[in-house]
Amino acid sequence: MREEILSVGIDIGTSTTQLVFSKLTIENLASSFAIPRISIVDKEVIYRSEIYFTPLKSQKEIDGEKVRKIVEREYQNAGITPSDVITGAVIITGETARKQNANDVLQNLSGLAGDFVVATAGPDLESIISAKGAGADKVSEDEDATVINLDVGGGTTNIAVFKEGNLLDTGCLDIGGRLIKIDKSSGKVTYIAQKIKELAKLKFILIEEGEKPSFEALNKIVDEMVKLLEESVNIREKGDFYEEILTNKGIRSDISIDCITFSGGVADYVYNLDTEDMFKYGDIGVLLGRAISKSNLCTKLVVRRSIETIRATVVGAGSHTTDISGSTITYTEDKFPIKNLPILKLSEGDENSGNENMVRAIKEKLKWFTLENELQPVAIAIKGKLNPSFVEIQELGKTLIEGMNDILKEDFPAILVIENDIAKVLGQTLYRQLDFKKEVICIDTIKVENGDYIDIGKPLAGGRVVPVIIKTLIFNS
């Protein structure tokens, strides 16, 4: 039986705010005698909103009321009411995620539809989302290559690297098209981000707020920004300012890149040089895109066209695929329902790299879910071995506990999602190894990916099974 549902994605970025409405076709792919497995079998974008500059009250505060009016107006333009929408995602990204009232704005918008995924995406999570929207993961899988995506937005450049379809690493730099703003009528600079001021000073480039800069000075500062991007993808030796420009971290220096894709608003001017007005948006975005297109990023690496550029972060959002986890699950206290829990998925390489490397991988990837030095609740997902021995389960438990040390310090339960059928014994082992002092939820026969969110409902069938909703952001790839 097929059913069509309506989904909305709302992306509030550093530069732009936009909506996309999608029609999702869902179908039960299981046989008549199996547990239902509802999956998306088709998706169609039916409405793309205008792209608006994200309204701000100040450099530190989003204008939440204006954002809401934009969203309501686009609902009207699309001929859609909030009650028509079954699911969706509201995502706030880039520099905007650092604004003082970001979470208030998100919660206010989430009321425009039903069960939204509502997330303030830190730089690592945004890197994954935008790269998948650009299709970098699919390129890496199809071409058996290592592919890097640079999502060059208004305030940041998010980086994600995929090898053969699997995520290798992420990073983020404070480089973007609206870090220098220019008044179109006077030609004077109205804003320069602090790190760009420092970069200009270091390189003796004369550019100041309130003054009309020379075209030469703007090109020089843009060229320095591009050099930092080249350093970030390991095709230029790291310079003195590289560590300063990082938002949080860069990618590992031992990764060798084959291909590159670009997304974000600036990407349109990497792929397409046809523009007469260098300052059409009142910033340096066009200049930055043109400089990237002529740089080593596009001559030393094979350039692949992205599926999406400015709309890569959210192309449609929030599909619900329903699974049942049981009957070998563990939960030490009924804390259900749990909603909108992001997934940290370890690759099979991480799982098979030895205990020490697996611990390191968990610790590193937990940073994806840290915003303003605060760890968000997260579920650790692994494949797990088929039919592991008693000793292997004990070792896996110890490794997970060491890797999840930061989670165990927080006031939320340790939650694990296992693909293979080992949740009961693993969950009980973890609970015992934690001296019964930390709540543990361990579910299995569930396949999830990085970028997914899950809901875990109240136990059914006498507590033997729990319903699980996997919410997958809908990417073009």
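The values are calculated or read from the model by the stated rules, or taken from the named source; none is laboratory data. Owing to the predicted nature of the structure, the values given are computational and were not obtained by experimental measurement. Counting neighbours? That spans all protein chains shown, and the Cβs are built from the backbone with ideal geometry, glycine included.
Annotation note: Cβ proximity below 7 Å between a residue of the stretch 48-70 that is small (Gly, Ala, Ser) and a residue that is modelled with pLDDT under 85 (sequence gap 6+ or interchain) occurs for 64/101; 64/104; 64/105; 64/108.
Of everything in the stretch 339-350, what is part of a strand (DSSP E or B) and within 14 Å of residue 448 (Cβ to Cβ)? Give them in sequence order.
So in the stretch 339-350, the residues part of a strand (DSSP E or B) come out as 339-345.
Once the filter is applied, which keeps residues that are part of a strand (DSSP E or B) and within 14 Å of residue 448 (Cβ to Cβ), the stretch 339-350 yields 340, 341, 342, 343, 344, 345.
Could you look through the stretch 214-249, keep only residues that are small (Gly, Ala, Ser) and assigned to a helix (DSSP H, G or I), and pick out the one that is farthest from the chain's Cα centre (by Cα)?
217
Name the helices (runs of 4 or more DSSP H) wholly within the stretch 371-465 that hold at least 2 residues that are within 17 Å of residue 334 (Cβ to Cβ) and not charged (D, E, K, R)? Don't jump to the end; show me each part of the working.
Values: elements: 390-403, 405-408, 423-433.
Where helices (runs of 4 or more DSSP H) fall fully within the stretch 371-465 and carry at least 2 residues being within 17 Å of residue 334 (Cβ to Cβ) and not charged (D, E, K, R), they are 423-433.
Taking residue 332 as the residue in question, decide whether it is buried (at least 17 other Cβ atoms within 10 Å of the Cβ) and touching a Lys or Arg at 6+ places or on another chain (Cβ under 9 Å). So residue 332 passes the test. State whether the residues of the stretch 393-400 include one that is assigned by TED's automatic domain parsing to the domain that holds residue 354, farther than 21 Å from residue 466 by Cβ, at pLDDT 90 or above and within 22 Å of the chain's Cα centre (by Cα). Within the stretch 393-400 (the criterion being assigned by TED's automatic domain parsing to the domain that holds residue 354, farther than 21 Å from residue 466 by Cβ, at pLDDT 90 or above and within 22 Å of the chain's Cα centre (by Cα)), the answer is no, since none of the residues qualifies.
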